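One structure is given here, and the rest of the page talks about it.
The values are calculated or read from the model by the stated rules, or taken from the named source; none is laboratory data. Here the structure is a predicted model, which means the values were calculated and not measured. As a convention, Cβ positions derive from the backbone with ideal geometry for all residues, glycine included, and neighbour counts pool all protein chains shown.
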Amino acid sequence: MSNFDPFDFNQAIPIINEDTEFFPLLSQQDEDEMSNADLPESLSILPLRNTVLFPGVVIPITVGRDKSIKLVKDAYKGDRIIGVVSQQNMAIEDPTFDQLNKVGTVAMIIKILQMPDGNTTVIIQGKQRFRLSDQIQSDPYIKAFIERFEEKKHKATREFNALLSSIKEMALQIIQLSPHIPSEAGIAIKNIESPAFLINFISSNLNADLSFKQQLLEMADLEKRASKVLEQLNVELQLLELKTQIQNKVRGDLDKQQRDYFLNQQLKTIQEELGGNTPDLEMEDLRKRAKSKKWSKEVDEHFNKELDKLARINPAAADYSVQVNYLELLLELPWNDFTKDNFDLHRARRVLDRDHYGLDKVKQRIIEYLAVLKLKRNMKAPILCLVGPPGVGKTSLGKSIAKALGRKYTRMALGGIRDEAEIRGHRKTYIGAMPGRIIQSLKKAGASNPVFVLDEIDKVGSDFRGDPSSALLEVLDPEQNNAFYDHYVELDYDLSNVMFIATANSLTNIQPALLDRMEIIEVNGYTIEEKIEIAKKHLIPKQRELHGLQPKDVAIRPKVIEKIIDEYTRESGVRGLEKKIGSIVRGIATHVVMEDPLPKQIDAATVEQILGAPIFDKEFYESNEVAGVVTGLAWTQVGGDILYIESSLSPGKGKLTLTGNLGDVMKESASIAMAYLRANADEFGIDYGVFDKWDVHIHVPAGATPKDGPSAGITMLTALASSFTQRKVKEKLAMTGEITLRGKVLPVGGIKEKILAAKRADIKEVILSKANKKDVLEIKEDYIKDLTFHYVTEMHEVVNLALLKQQVKKPKKLVLDEA
């Protein structure tokens, strides 16, 4: 029970204040009456966590458990008699009957005090020992049958009296040597008449563990118990004398620095008394672990230098723990520890194909890397950057690559990082210094060649604390990262074997110098066919397993999956599709649990029943009944889309009006198209006077959505040409491309997404810049087999292909008169 060092009588000294009473010491007669009192057949049992109650001793205990509070309150209302038993394991919060010691003490509750901190303190006095028999109840608190503990009668022999005298003398010496124990404790011991109470009183206050005190409580022979107490007192007295001797050796006027030195000298003196200068176990452990490391000679010299510095630091100083943490980090870093690569290319391909559908470029790049690594064995790892819209599997692809290579996997989220120290670490001079997250991730991975995913690299910020993207330049430069310098480690660390895979949604926010160091691989959106396959092979089995259903419970046909994709999601990836499939699976799970009838095959009606009415209308081509309406192709963050550009003429003065929430670039495209049409009116069969007598209005529907970019140039030109010539546009034709004042058609981006959008909208012909032909060739033929592509370089080719009836000749070049 006692927490004082080395011997404490305070808890057994009578408590005297305005809220308590004085409890006198027991006489021999009181002791006899107490031990001979009748025992009840059963008692409510109060478990004690960290103390043992002895007969006759008064102690305060803090009651915190709900069961214990109810027990003492119920007992206080009655006869105030309870059974007190210590736990076998003090760590158990709510012990059972079997987890209690079998010998305890009958106790009387003297007083219950509600303390200012909200705790309940109970003052109890031990009466006599008992032995637990059988449990009666466990709720609301333990109640059990008890038996009398038979104690062996002692004789007042000369030896026994000498033993008691020795105990008293030794206890008084301990009190005298301990300045924190009040002198009243010595007076109390001198006035104790009863031998049994003297032994119990001192046993209760010994600086010994719980098991030793319980052992004393269970001893029936008082003489043996007295011998045990005398042994423990002897140990305590020796420790006190030794402590006094050590203090005398280093006594003097001490300032703070001398006081730290004094504490260290105490430790050394104790080691000398134990038998010589024992080496510091912590330093020996660090030195032993360093011998097994595969680090270079430079690192080994630096470690030993820092270890010697640790030996010179006072263990009580704050710098000591900082130095230990630094040395621990050096030991835990995987210096030249590599996992063995699996060079089975067929297995790697199977792993990548099993985990991800499509993404052929990335898979082929990994296979190439493995092939070269197998031949050369020490190739520098590539720095790949997967760029694409959300939900296409960029991050999860890193796990598959690690699995295919047989390497460790670690990931670092860069989104929102603004502190350069997150990359390079803090200098050790700062309070709370720690290594950068690159080093921490390698320590966690436990290998120097993991697959390291740098997630959302385009969302790295910068402020007054530094520029993390600039700090990443050294990390992601294959020519520099073999000597990456972390401010905390203060040593060069080789990152050239780490396979870094960065992910980004867009390249526009990435620093150009950082972009130059990475190999860009575009992970574009999926086609409907690809999404259907992904749903069948990955999403549906995953959601089915997450929701505890069997394969027979979830059967969704491809046509139904296509309906979910078209009418309930609008994205390049499959994250939204997975959520919708999860909703359907939850709906199925509800029907299975409620045993409601549900069709074996999920059809369109069931989908609408679970998901509600369709959210999006499928993008179908609308026939152009009037001149001036053209279908264009656009790129969005969630994939491709089609948009209509409408133009109309009205009597006026040649004013050009643009509506539809257009950006500056799209407005410029309209101006360029109008200027080109005016400059080449003859070739298009347009009277020049029309431009000054008619106002032109160009509108792009969905006015609430901002639109910008140069790819609508040829679409605007075609719309204006159609309006001024009143020639309709061909059916099921769409186009995309940038225009110039010279009449050239330039290439644009996002071709795959735009082509897939055209396919979804039932477009049959697409007009593109000739320079975009390479982008079309990268798309699988199965996905574009029903489309016809027209590749152009001049604006007049666009008009000839798009408009019906009259053909427009190639505009003549203007020859300036030299005069």
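Of the numbered criteria (1) within 34 Å of the chain's Cα centre (by Cα); (2) surrounded by fewer than 19 Cβ atoms within 10 Å (Cβ to Cβ); (3) assigned to a helix (DSSP H, G or I), the one I520 fails is (3). Considered as a group, the residues in region 726-751 that are out of contact with any Leu (no Cβ under 8 Å at 6 or more places or on another chain) and of a type in the set (V, I, T) include one that is surrounded by the fewest Cβ atoms within 10 Å (Cβ to Cβ), and that residue is V748.
Contact annotation: residue pairs with Cβ atoms under 9 Å, 6 or more positions apart or on different chains, pairing a residue in region 355-379 that is farther than 14 Å from G393 by Cα with a partner that is among the charged types (D, E, K, R) and outside any helix (DSSP H, G or I), are R365/E519; L370/D341; L370/D344; L373/D341; K374/D341.
Here I82 passes the criteria (1) surrounded by fewer than 17 Cβ atoms within 10 Å (Cβ to Cβ); (2) of a type outside the set (D, E, K, R); (3) at pLDDT 90 or above; (4) in contact with a helix residue (DSSP H, G or I) (Cβ under 7 Å, 6 or more places away or on another chain) except the one numbered (1). One residue alone among S671, S650 is in a strand (DSSP E or B) and surrounded by fewer than 20 Cβ atoms within 10 Å (Cβ to Cβ), and that residue is S650. In region 694-705 there is at least one residue matching the filter, namely being assigned to a loop (DSSP other than H, G, I, E, B) and modelled with pLDDT of 90 or more.
One residue stands out in region 563-581 among those that are surrounded by fewer than 17 Cβ atoms within 10 Å (Cβ to Cβ) and out of contact with any Phe, Trp or Tyr (no Cβ under 9 Å at 6 or more places or on another chain): the one that is farthest from I751 (Cα to Cα), namely K579. Taking region 218-324 and the helices (runs of 4 or more DSSP H) fully enclosed by it, the elements with 1 or more residues that are in contact with a Lys or Arg (Cβ under 9 Å, 6 or more places away or on another chain) and at pLDDT 85 or above are at 222-249, 297-312. Scanning region 143-174 for residues that are surrounded by 15 or more Cβ atoms within 10 Å (Cβ to Cβ) and among the basic types (K, R) yields a total of 2. Mind listing whichever residues of region 653-667 are part of a helix (DSSP H, G or I) and in contact (Cβ under 8 Å) with a residue 24 or more places away in the chain? Hits for region 653-667 are D664, V665, M666. Number of residues in region 691-706 that are touching a residue at least 40 places away in the same chain (Cβ under 8 Å) and either surrounded by fewer than 18 Cβ atoms within 10 Å (Cβ to Cβ) or farther than 17 Å from I739 by Cβ (or both) equals 11.
Restricting the first member to region 115-129 and to residues that are under 27 Å from A196 (Cα atoms), and the second to residues that are of a type in the set (K, R) and modelled with pLDDT of 90 or more, the beta-carbon pairs closer than 6 Å and six or more apart or on different chains are I123/K111.
Listed here are the residues, each with its yes/no results for (1) closer than 14 Å to P55 by Cβ; (2) of a type in the set (V, I, T); (3) modelled with pLDDT under 80.
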{"residue": "I181", "(1), (2), (3)": "no, yes, yes"}
{"residue": "A188", "(1), (2), (3)": "no, no, no"}
{"residue": "I202", "(1), (2), (3)": "yes, yes, no"}
{"residue": "S211", "(1), (2), (3)": "no, no, no"}
{"residue": "L216", "(1), (2), (3)": "yes, no, no"}
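When each of E479, E474 is tested for being among the acidic types (D, E) and assigned to a loop (DSSP other than H, G, I, E, B), the lone residue that passes is E479. Taken as a whole, region 532-551 holds at least one residue that is in a loop (DSSP other than H, G, I, E, B), without any contact (Cβ under 8 Å) to a residue 60 or more places away in the chain and over 27 Å from the mean Cα position of the chain (by Cα). Of the residues making up region 425-436, at least one is of a type in the set (A, V, I, L, M), assigned to a loop (DSSP other than H, G, I, E, B), more than 19 Å from K380 (Cβ to Cβ) and at pLDDT below 85.
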